[in-house]
1. Take the residues in the stretch 81-96 that are at pLDDT below 90 and in a loop (DSSP other than H, G, I, E, B); name whichever of them is farthest from Ala54 (Cα to Cα).
2. All but one of (1) of a type in the set (S, T, N, Q); (2) at pLDDT 90 or above; (3) surrounded by 13 or more Cβ atoms within 10 Å (Cβ to Cβ) hold for Ser52; state the number of the condition that does not hold.
3. Of the numbered conditions (1) under 20 Å from Asp125 (Cα atoms); (2) modelled with pLDDT of 85 or more, Lys74 satisfies every one except a single condition; which is it?
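The values are calculated or read from the model by the stated rules, or taken from the named source; none is laboratory data. Keep in mind that this is a model prediction, so the values were computed, not measured. All Cβ positions, glycine included, derive from the backbone under ideal geometry; neighbour counts span all protein chains shown.
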Amino acid sequence: MKIILGSKRKAVVTKAQAKQQAKPIKPLKVIENLGEDVTREKLIAVQGQDPSLAKFMKEAEQNQKAGRPEVYFKMKDGILYKYCRNFEGREIPQVVIPKGLRETVITMAHDAVMSGHQGQKKTKDRIWR
């Protein structure tokens, strides 16, 4: 333990603190490029081409709730949305991400500087919101 004398204050630096201060600081991981730019028009086109979304697109166009009143799909300005209720009963709209863009969305949520790398569950929760 070292004692650092200042003008009026004394600060104590433990061995663990000194060891920690000696470590070089790692730079933040910054995403240089997420690949392709995702525009509104591209999202609409990719949603329309994704066969896994066909059932939900049809449900949205026919304005059906398919036996699930708490979850339904709706088209808004050409984009497919999933509407569901959270634990408070509020209706939450979510853009339905086609298979071709899911990896990009996960990368954006996980690798961004402000994401904090909080683990799988918290990353998925952030995407869900």
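1. Here the residue is Glu88.
2. Among (1) of a type in the set (S, T, N, Q); (2) at pLDDT 90 or above; (3) surrounded by 13 or more Cβ atoms within 10 Å (Cβ to Cβ), the lone unmet condition for Ser52 is (3).
3. (1)
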